[in-house]
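**Student:** Before I ask anything, let me first share the structure, which is written out below as structure tokens.
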Amino acid sequence: MRKSMKRPLVTAVGALTAVAVGSAGAYAYWTTTGSGVGSGSTDTAHPVTVAQLNAGTTPINMAPGDTAQSIDFSITNPMGTPQKVGTVTVSIATVKYGASWGNAGAVANGGHGDAAHACGAGDFSLVQATKVIDAEVPTGTTSYTGGGSGLQIKMLNRAYNQDDCKDVVVNLSFAVSAGS
């Protein structure tokens with residue numbers, strides 16, 4: 001009589017299947033609770049910078065009593081978002097001698113004309129000293145040129161010798177107010 005190998009094989013396969021199913025269904029876990037915190041922050045305003053465009057070429061060749069010339073400028077916003085700007089105001093910082101006098105860069109002091117009337121800020125007029133922007137300035141550089149600059153300068157025609165104002169550089173300073 002021959003022993004059947006099928007029965008033990010079926011029994012073994014069945015037992016292994018039961019163990020596999022049972023172990024797959026049996027698992028343990030922990031339960032827990034918890035909490036957490038997080039935060040966000042805002043950036044601060046970053047100062048914009050104003051630069052004269054075409055410095056050395058505009059305004060140029062001013063003469064006593066001549067017409068006003070535009071002061072071209074740009075505003076650079078370093079932030080990744082727009083910033084509100086109220087106004088840009090220009091003022092005369094210094095008046096210095098140009099290259100033809102041999103003492104270029106020296107503050108005008110009357111040494112090349114009427115000593116009693118040294119060339120200075122009073123020999124020039126900022127016809128329009130303030131540009132109202134009152135808007136958001138986008139990221140990067142925005143230029144204001146020609147009539148759009150809103151800033152103008154001219155040399156005044158005084159009743160005295162203005163030779164000291166020949167070949168001078170009128171250095172400008174810009175100030176920016178915040179928008180509302």
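The values are calculated or read from the model by the stated rules, or taken from the named source; none is laboratory data. Remember, it's a predicted structure, so these values are computed and weren't measured experimentally. A quick note on method: Cβ atoms are made from the backbone with ideal geometry, for glycine too, and the neighbour counts reach across all protein chains shown.
**Student:** Tell me whether segment 127-138 contains one or more residues that are in a loop (DSSP other than H, G, I, E, B), of a type in the set (A, V, I, L, M, F, W, C) and surrounded by fewer than 12 Cβ atoms within 10 Å (Cβ to Cβ).
**Tutor:** First pass over segment 127-138, keeping only residues in a loop (DSSP other than H, G, I, E, B): 129, 138.
Those left that are additionally of a type in the set (A, V, I, L, M, F, W, C): 129.
Subsequent filtering for residues that are surrounded by fewer than 12 Cβ atoms within 10 Å (Cβ to Cβ) retains none.
There is no residue in segment 127-138 that is in a loop (DSSP other than H, G, I, E, B), of a type in the set (A, V, I, L, M, F, W, C) and surrounded by fewer than 12 Cβ atoms within 10 Å (Cβ to Cβ).
**Student:** Another one. Got a sec? Which of 141, 67, 94 is closer than 21 Å to residue 54 by Cα, part of a loop (DSSP other than H, G, I, E, B) and of a type in the set (S, T, N, Q)? Walk me through it before giving the result.
**Tutor:** Numbers: 141 fails: part of a loop (DSSP other than H, G, I, E, B); 94 fails: part of a loop (DSSP other than H, G, I, E, B).
Matching residue, one of 141, 67, 94: 67.
**Student:** Here's a follow-up. For residues in segment 90-125 being of a type in the set (Ser, Thr, Tyr) and surrounded by fewer than 18 Cβ atoms within 10 Å (Cβ to Cβ), which is nearest to the chain's Cα centre (by Cα)? Let's see the steps before the verdict.
**Tutor:** First, pick out the residues of segment 90-125 that are of a type in the set (Ser, Thr, Tyr): 91, 94, 97, 100, 125.
Among the residues that remain, those that are also surrounded by fewer than 18 Cβ atoms within 10 Å (Cβ to Cβ) are: 91, 94, 100, 125.
Numbers: 91: 20, 94: 25, 100: 36, 125: 28 Å.
The residue in question is 91.
**Student:** Restricting to segment 28-61, name every residue that is within 21 Å of residue 169 (Cβ to Cβ), of a type in the set (Val, Ile, Thr) and at pLDDT below 75.
**Tutor:** Taking segment 28-61 as the starting set, the residues that turn out to be within 21 Å of residue 169 (Cβ to Cβ) are 49-61.
Still in the list and also of a type in the set (Val, Ile, Thr): 49-50, 57-58, 60.
Once the filter is applied, which keeps residues that are within 21 Å of residue 169 (Cβ to Cβ), of a type in the set (Val, Ile, Thr) and at pLDDT below 75, segment 28-61 yields only 57.
**Student:** Counting only residues that are part of a strand (DSSP E or B) and among the small types (Gly, Ala, Ser), which one in segment 70-91 is nearest to residue 169 (Cα to Cα)? Walk me through it before giving the result.
**Tutor:** To start, the set of residues in segment 70-91 that are part of a strand (DSSP E or B) comprises 70, 73-77, 83-91.
Still in the running and among the small types (Gly, Ala, Ser): 70, 74, 86, 91.
Numbers: 70: 16, 74: 20, 86: 28, 91: 14 Å.
My answer is 91.
**Student:** Could you please find all residues in segment 121-148 being charged (D, E, K, R) and either touching a Gly at 6+ places or on another chain (Cβ under 9 Å) or without any contact (Cβ under 8 Å) to a residue 24 or more places away in the chain (or both)? Spell out the reasoning first.
**Tutor:** Going through segment 121-148, the residues charged (D, E, K, R) turn out to be 123, 131, 134, 136.
Those that are charged (D, E, K, R) and either touching a Gly at 6+ places or on another chain (Cβ under 9 Å) or without any contact (Cβ under 8 Å) to a residue 24 or more places away in the chain (or both): 131, 134, 136.
**Student:** Restricting to segment 36-52, and then to whatever is among the aliphatic types (A, V, I, L, M) and assigned to a loop (DSSP other than H, G, I, E, B), can you tell me which residue is farthest from residue 178 (Cα to Cα)? Give the derivation first.
**Tutor:** Pass one, segment 36-52, residues among the aliphatic types (A, V, I, L, M): 37, 45, 48, 50-51.
From what's left, assigned to a loop (DSSP other than H, G, I, E, B): 37, 45, 48.
Values: 37: 35, 45: 10, 48: 10 Å.
The qualifying residue farthest from residue 178 (Cα to Cα) is 37.
**Student:** Another question, if that's okay. Quick check: anything in segment 133-140 among the hydrophobic types (A, V, I, L, M, F, W, C) and in contact with a Leu (Cβ under 6 Å, 6 or more places away or on another chain)? Give the steps one after another, and end with the answer.
**Tutor:** Here is the first cut: in segment 133-140, the ones among the hydrophobic types (A, V, I, L, M, F, W, C) are 133, 135, 137.
Those still in the list that are in contact with a Leu (Cβ under 6 Å, 6 or more places away or on another chain) too: none.
No.
**Student:** Shifting gears a bit: Just checking, how many residues over segment 144-164 are exposed (fewer than 14 other Cβ atoms within 10 Å of the Cβ) and either modelled with pLDDT of 95 or more or among the hydroxyl-bearing types (Ser, Thr, Tyr) (or both)?
**Tutor:** In the first step, residues of segment 144-164 are kept if they are exposed (fewer than 14 other Cβ atoms within 10 Å of the Cβ); the result is 146-148, 157, 159-161, 163.
With the extra rule that they be either modelled with pLDDT of 95 or more or among the hydroxyl-bearing types (Ser, Thr, Tyr) (or both), the set shrinks to 157, 160.
Summing the residues that are exposed (fewer than 14 other Cβ atoms within 10 Å of the Cβ) and either modelled with pLDDT of 95 or more or among the hydroxyl-bearing types (Ser, Thr, Tyr) (or both) in segment 144-164 gives 2.
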